[in-house]
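Below is one structure, written out as structure tokens; the observations come after it.
Each value in this text was obtained by applying a stated rule to the coordinates, not by laboratory testing. Everything numeric in this text was worked out from a predicted model, so none of it was measured. Cβ sites come from the backbone with ideal geometry, for glycine too, and all protein chains shown count toward neighbours.
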Amino acid sequence: MQDFSREVLEGRTFSGERLVGADFSEAELSRVVFEDCDLTGAELTSAVLDTCAFLGCRMERTRLFGSVLRGCKLTGSTFVRAALRPLTVEGGDWSWVSLRGADLRGVGLAGLSLAEADLTEADLSGADLSGADLTRAQLRGVRLRGADLRGARLDGCDVDAVDWREVHLDLAQAVHLARARGAVVDG
């Protein structure tokens with residue numbers, strides 16, 4: 001097991017590496033790139049990641065408990081049974097990420113790009129997704145009760161696959177949902 005706990009890593013690239021069980025807890029990572037890496041069981045608890053990239057990585061049972069992700073890119077990465085809360089996310093690009101069944105209750109994801117992300121069966125109850133880009137995201141079975149989606153882009157999403165009860169929407173989204181379900185909106 002590799003130990004990077006409490007280290008400061010800057011501008012480093014990991015490509016195709018098996019970082020199974022690696023310890024990055026309480027580390028500070030800046031502009032670090034992980035490309036096609038296996039981070040199964042990796043520990044990133046209380047780590048601060050600034051403009052890092054996880055591209056096509058496997059994150060099974062990875063722990064991001066209490067971590068801060070600022071402007072990070074997670075494009076094409078897969079999360080399986082990962083500990084993702086509490087988590088602080090400040091912008092970034094999580095397009096094409098797989099978060100099937102992920103527990104993201106109450107996590108702030110405002111303004112995040114989740115275009116074409118797989119959120120099937122994820123729990124986003126109470127999450128802040130305001131201004132997020134959910135274009136063509138997979139939302140089948142997602143739990144959104146109490147989530148804030150005001151200003152979020154929902155283009156190409158299957159709106160019939162979602163329980164919209166108690167979800168906060170803006171007026172334009174409400175009209176879009178009504179029209180998508182066959183309503184004629186006048187005025």
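Any idea which of Phe14, Leu112, Ser130 is furthest toward the positive side of the dipole for the chain, if Lys and Arg beta-carbons carry +1 and Asp and Glu beta-carbons -1?
Of the candidates, Ser130 comes out farthest on the positive side.
Scattering from the C-alpha atoms of the range 61-187 alone, worked out with Debye: what is log10 I(q)/I(0) at q = 0.15, 0.19 1/Å?
Here the Debye-derived log intensity ratios amount to -0.63, -1.01.
Using the Kirkwood radius built from alpha carbon pairs, what does the Stokes-Einstein equation give as D for the range 60-133 at 4 °C and 1.567 mPa s, in µm² per second? Could the numbers behind the result be given before it?
Values: Rh = 11.9 Å.
The estimated diffusion coefficient comes to 109 µm²/s.
About its Cα centre, what dipole magnitude does the chain give when the only charges are +1 on Lys and Arg Cβ and -1 on Asp and Glu Cβ, stated in debye to the nearest 20? Please list the in-between numbers first.
Working: 22 positive and 30 negative charges, 78 e Å.
The dipole of the chain has a size of about 380 debye.
Pull out the extension gain between Val184 and Glu10, defined as 0.36 nm times the separation in residues minus the alpha carbon to alpha carbon distance; nm, one decimal. Present the calculation step by step, with values, prior to reporting the outcome.
Working: separation 174, 0.36 × 174 = 62.64 nm, distance 5.45 nm.
That pair, Val184 and Glu10, stretches by 57.2 nm at full extension.
With a ≥ b ≥ c taken as the square roots of the eigenvalues of the C-alpha gyration tensor of the range 1-51, please select rounded if a/c is under 1.5 and otherwise prolate if a/b is larger than b/c or oblate if it is not?
Details: a/c = 1.89, a/b = 1.11, b/c = 1.71.
Oblate, because a/c is 1.5 or more while a/b does not exceed b/c.
So, in nm, how far is label Val68 from label Arg145 when the simple model puts each one 7 Å beyond its Cα toward the Cβ?
Placing both labels 7 Å along Cα→Cβ, they lie 3.3 nm apart.
Tell me what the chain gives for mean residue ellipticity at 222 nm when only DSSP H runs of n ≥ 4 count, each as -39,500 (n - 2.57), the sum divided by the residue total, rounded to 500 deg cm²/dmol.
-1500 deg cm²/dmol
Can you give me the C-alpha center-to-center distance between the range 36-82 and the range 108-187, rounded to a whole angstrom?
Value for the Cα centre distance between the two parts: 24 Å.
For helix 171-180, report the angle its Cα long axis makes with the longest principal axis of the Cα atoms of the chain; keep it between 0 and 90° and round to the nearest 10°.
70 degrees
Gain in length, Asp170 to Glu121, computed as 0.36 nm per residue apart minus the alpha-carbon separation, to one decimal in nm?
15.3 nm
Using each residue's phi in the range 58-69, evaluate 6.51 cos²θ - 1.76 cosθ + 1.60 at θ = phi - 60° and report the 3J(HN,Hα) Karplus result to the nearest Hz, with x for Gly and Pro.
9, 10, 8, 6, 6, 9, 10, 4, x, 7, 10, 10
Pull out a ≥ b ≥ c, the square roots of the eigenvalues of the alpha-carbon gyration tensor of the range 1-110, then state rounded if a/c is under 1.5, prolate if not and a/b is larger than b/c, and oblate in the remaining case. Display every interim value, and only then the final one.
Values: a/c = 1.27, a/b = 1.19, b/c = 1.06.
Taking the square roots of the gyration eigenvalues as a ≥ b ≥ c, the range 1-110 is rounded.
Take Ala161 and Glu28, extend 7 Å from each Cα along the Cα→Cβ direction, and tell me the distance between the two endpoints in nm.
With each label placed 7 Å out from Cα toward Cβ, I get 4.1 nm.
By average Cβ neighbour count within 10 Å, what is the ranking of 169-175, 58-64 from highest down? Please list the in-between numbers first.
Numbers: 169-175: 13.6, 58-64: 21.4.
The most tightly packed comes first, giving 58-64, 169-175.
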